[in-house]
Amino acid sequence: TATIALADTALTAGETTTVTITFNKPVNGLDASDIVCPNGTLSAPTANAERTVWTATFTPTANANAPTNTIRVNLAGVTDDAGSAGTGSAISANYSVDTRTDSTGLTATITLADTAL
């Protein structure tokens, strides 16, 4: 099994965050192709000495506005020390991305030529 945590769950323009994936036992073979990250990219994950905690840097997509996202790890992409592949997937809690450089949104002004109709 695995848990996924993001250091920052509300990402804005210019930010990155650390993603930590913690396994219940040592694993081999985790790489970026095992991880789905909507509205951003993930660096190659690196493991601690015990291979139970893996970290990577998440960089959100520029000019995106996505309030609901989760990171998913395909556990079939990793094996334990006995060579057994994982099954299923692990899913993070929700994170939001708002990297618009102008987050005020579209505005409009209406002017009437004659206000006394």
Please pull out the direction-averaged projected area of region 1-45, using the convex hull of its alpha-carbon atoms, in nm² to one decimal place.
-> 3.6
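Where both residues lie in region 2-98, what percent of DSSP beta bridges are antiparallel, nearest 5? The partial results should precede the final answer.
Numbers: 26 of 29 bridges.
About 90 percent, rounded to the nearest 5.
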Amide H to amide H under 5 Å from Thr41: which residues, 5+ apart in sequence or cross-chain, H placed 1.01 Å off N in plane?
-> Thr59, Thr61
By how many nm would the segment from Asp8 to Thr79 lengthen if fully extended, with 0.36 nm per residue of separation less the alpha-carbon distance?
-> 22.7 nm
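With N residues in the chain, what two-decimal value do you get for its Cα radius of gyration over 2.2 N^0.38 Å?
Details: Rg = 20.3 Å, N = 117, 2.2 N^0.38 = 13.4 Å.
Here the answer is 1.51, to two decimals.
Stretch Asp114-Val53 to full length: gain in nm at 0.36 nm per residue minus the Cα-Cα span?
On the way: separation 61, 0.36 × 61 = 21.96 nm, distance 6.79 nm.
Length gained between Asp114 and Val53: 15.2 nm.
All of the numbers you see were taken from the coordinates with simple rules; none came from a lab. Fair warning: this is a prediction, and the values are worked out from it, not measured in the lab.
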